[in-house]
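Everything on this sheet refers to the single structure shown next.
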Amino acid sequence: LSEAHDVRAMVEGTKREPQGLLRAALPVFVGIDYASRVGAAFLKRHPKARLDIRLVDNTVHPIKDGYDVAFGAGPLQDSTLIARKIFTLDGFLCASPELVQSLAKPLTTPAQLSALPFIDSGIYGGVSRKLLLTQGRRRHEITPPTRARSNSFQICKQYLLQGLGFGVMPSEIICSEELAKGTLVPLLPDWSPQKVDVYMVSPFQLSISTLIQAFYNTAREVIDENIEISRKQASRSR
């Protein structure tokens with residue numbers, strides 16, 4: 001496999017225009033909307049490129065599992081791979097206005113969240129299922145009762161919109177429209193969950209591949225567009 005990647009790297013390094021087949025594994029949590037936008041933009045810009053995107057619900061290894069690139073969260077574990085940051089899932093606590101209005105007392109401290117049902121995406125709570133919140137140097141850890149769990153932000157968002165609990169959502173790729181409309185509202189805006197960095201991982205031998213570089217550039221541009229849309233919608237809502 002290593003020798004095959006070395007040969008492919010040499011061939012692709014001599015090409016100016018991205019071409020050939022790119023096999024990409026994207027985690028389910030990034031969502032169909034983001035994955036499809038990246039794929040469509042990539043194919044439109046590079047007519048000689050072909051693309052095979054698979055949404056996966058577990059961690060994959062680009063070489064062992066037969067992919068050219070794979071998106072994943074957390075630090076790099078293998079020295080035969082290289083990782084380039086795509087975006088940060090900068091989450092915020094949120095719930096539906098109906099859930100907030102149903103509370104006996106207004107939410108003023110993280111400790112109050114421990115009594116509320118939690119919609120868990122499996123990203124921010126981690127394996128321990130404990131949610132760490134920070135406010136400057138202050139730290140508060142809570143373990144709210146999990147009402148529902150899904151590895152899809154879109155499914156979690158629907159639970160939140162129905163008032164089934166509170167959760168942590170990333171505004172840049174999932175909730176910008178709901179925030180602008182007010183169908184989801186922030187909770188304890190001074191307190192922030194831990195940020196989660198998402199990387200594009202590929203074999204070291206393919207680091208000079210124009211095909212992989214083009215896919216990385218497209219993925220970055222789409223997330224930048226989402227952030228800009230989110231900012232504009234937030235300013236209009238004010």
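Numbers below:
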read-out: Residue identified as under 14 Å from the mean Cα position of the chain (by Cα), at negative phi and open to solvent by less than 60 Å² (accessible area, probe 1.4 Å) among 38, 69; value: 38
read-out: Of all residues making up the range 60-78, the number that are within 26 Å of residue 194 (Cα to Cα) and touching a residue at least 40 places away in the same chain (Cβ under 8 Å); value: 7
read-out: Hits in the range 79-89 (condition: modelled with pLDDT of 85 or more and of a type outside the set (Phe, Trp, Tyr)); value: 81, 82, 83, 84, 85, 86, 88
read-out: Members of the range 82-115 found to be touching a Pro at 6+ places or on another chain (Cβ under 6 Å) and surrounded by fewer than 19 Cβ atoms within 10 Å (Cβ to Cβ), listed by number; value: 114
read-out: From 175, 156, residue being assigned to a helix (DSSP H, G or I), free of Cβ contacts under 8 Å to residues at least 60 places away in the same chain and open to solvent by less than 10 Å² (accessible area, probe 1.4 Å); value: 156
read-out: Scope the range 189-238; condition among the polar types (S, T, N, Q), open to solvent by less than 80 Å² (accessible area, probe 1.4 Å) and at pLDDT 85 or above; matching residues; value: 192, 202, 209, 210, 213, 217, 218
read-out: Pair list, Cβ under 6 Å, 6 or more apart: the range 33-56 residue hydroxyl-bearing (Ser, Thr, Tyr), other residue crowded, with 16+ Cβ neighbours inside 10 Å; value: 34/173
read-out: Residues being at pLDDT 95 or above, within 20 Å of the chain's Cα centre (by Cα) and open to solvent by 20 Å² or more (accessible area, probe 1.4 Å) - total across the range 159-172; value: 2
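The values are calculated or read from the model by the stated rules, or taken from the named source; none is laboratory data. None of the values given here were measured: they were computed from a predicted structure. Quick reminder, even Gly has a Cβ in these numbers, built from the backbone with ideal geometry, and neighbours come from all protein chains shown. Keep in mind that these areas ignore ligands, DNA and RNA; they rest on the heavy atoms of the full protein, side chains included. Shrake-Rupley method; radii C 1.70, N 1.55, O 1.52, S 1.80 Å.
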